[in-house]
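Written below as structure tokens is the structure these notes are about.
Nothing in this text is a laboratory measurement; each read-out follows from the coordinates by a stated rule. Bear in mind the structure is a predicted one, so any value in this text is a computation, not a measurement. In this analysis, Cβ positions are derived from the backbone assuming ideal geometry, glycine residues included, and neighbour counts consider all displayed protein chains.
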Amino acid sequence: MIDRRILLLIALMLPISSLVSAADEPPRVLPAGKVPQDSRLEPLKDLNGYFPFSPSTSPKAWNRRAERVRRQLLVSLGLWPLPTRTPLNPVIHGRVDRDDYTVDRVYFESMPGFYVTGSLYRPKDHSGPMPAVLCPHGHWANGRFYDTGVAKVKQEIKQGGEQFEEGGRSPLQSRCVQLARMGCVVFHYDMIGYADCTQISYQVAHRFAKQRKEMNRDSEWGLFSPQAESHGQSVMGLQTWNSIRALDFVSQLPGVDPKRLAVTGASGGGTQTFILCAIDPRPAVAFPAVMVSTAMQGGCTCENASGLRVDTGNVEFAALFAPKPLGLSAADDWTKEMSTKGFPELRQHYAMLGHADHLMLISRTEFAHNYNSITRHAMYHWLNQHLKLGLAEPIEERDFQRLSQEEMTVWSGATTKPAQGPDFERDLLAWWHADTQKQLQALTPRDASSLRDFREVAGGAIDVLIGQDLPAAADIVYDQNYKEDLGDILHMMGLL
């Protein structure tokens, strides 16, 4: 005789469909043809989807929403908690002297052994306190070393986008020179994989398309691997941390006013501008050019991270800067509908917060994707007004002598290029992971105070990962009003 306990186990292991006759319909939760309301069953949204922004109805409601979105940004970028701010160990050398400004070569460590590189522009005949402007460059060929060439600049002058054959060949240098002439300290720094910042290559950082078997390990993994993604490690996270440390660098320079910091960049540099200004409270003015829109959200691996834009998007990220002054630009690209999709909602948002005059859009859709002279002049006006530079308007660019690549590269003379390649990449992510683990272990609950800290960090991350806010401890109510001892369940079923 077969033991009834074995029969029970067999029954529990059988699929439900095998327990009903072929003539019977399988049990249903919903009527035939109807599916549950589950976002996992909806069409996938890619970077070319529609990412609208719905303004909050009150400052109180916005504060709650802003905290949630800002935390989602930090968790998705692997910056929750923020990495340890290790010594920058900055090196400033190789000065180039121009008529009314100077340019130095700079490198410093954002993480141990990981270098941020760039050019530091400073005005002559100015003493502190001076405002400072960060300039992330975006996806221009060769980044900080970009030269558009004689033929193209002549075409842009003919179209009205540029004024000068010499200065117009580098719209990136143009804004740095003019801002220095306006009395600002300017740091023009490299995106990962560009110019002097090649410890992680351009192909890995911006063109990654195929998994690398040697980087998919349980330890010592590389970027874009399942291990890196599950630990929140990405090129975008590293690049954003570089921007945070660049802000650390300029704010500590002698003569810089840390209360008058601005950030401006276009395209991928626009992405870095509004992301940095969303998560770091120090910038006072922002001007992300040709990037903020309800359409394409960032077409490069350096502008995307797992979980980043779930139920949100770039317009809301830009809204996190409110009510501080935010200038935007649109062109004949994915931003061309910004004046009717995205900007009206941002204007409503700023008005709700009582600062409608702190928002501006220059829409010049006759030009392709750019940060040309016309847009730069709008930016100069915006920074002159809100950094309180006190300059007479209109501000006009003057031509200048472009810096050559030899005059800009930081790895010159006695300086030696740092480690790079796959081994460096694995070591960098290993340090990042170990630093995070050390911080989390330090939060191990020991008393009421440490429990609150642990809940804020660990619970805050879990909220983002599961897509639902956890209830506060005080909100959990437990009241046991019924109890019955049912004895041994197997005795109840007559199996023993």
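Here is how the numbers come out for the structure above:
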| quantity | calculated |
| --- | --- |
| DSSP-defined antiparallel bridges as percent of all bridges, the chain, nearest 5 | 50 percent |
| The chain: angle of helix 150-159 to the longest principal axis, Cα-based, in degrees nearest 10 | 90 degrees |
| Computed FRET value (nearest 0.05) for GLN420 with ASP332, which takes r as the C-beta separation and R₀ as 51 Å | 0.85 |
| Rg in Å to one decimal, and Dmax rounded to a whole Å, for region 34-159 via C-alpha atoms | 22.8, 73 |
| Relative counts (whole %) of C-alpha pair distances in region 328-423, using bins that are 10 Å wide | 12, 26, 27, 19, 14, 1 |
| Length added when fully stretched, VAL150-GLU214, from 0.36 nm per residue minus Cα-Cα | 18.7 nm |
| Simple label model, 7 Å out from Cα along Cβ direction - LYS259 to SER230, nm | 4.9 nm |
| Which label in (i) 48; (ii) 31; (iii) 44 gives the computed percent of Cα pairs over 40 Å apart | (ii) |
| Mean-position separation - Cα centroids, region 431-448 and region 233-261, in angstrom | 24 Å |
| Partner lysines for LYS341 [C-alpha distance under 25 Å; skip if fewer than 8 residues away on the same chain] | LYS45, LYS60, LYS324 |
| Förster radius 30 Å - calculated FRET efficiency between SER201 and HIS93 (Cβ-Cβ, nearest 0.05) | 0.75 |
| For region 164-312: relative contact order, % (alpha-carbon pairs under 8 angstrom, 6 or more apart) | 18 percent |
| Cα-based reach from LYS158 at 23 Å (exclusive), listing lysines while leaving out same-chain residues under 8 positions away | LYS336 |
| Sites ARG402 and ARG28 - FRET efficiency at Förster radius 60 Å, r taken between beta-carbons, to 0.05 | 0.25 |
| Virtual spin-label span in nm between LEU391 and ASP485, 7 Å along Cα→Cβ | 8.5 nm |
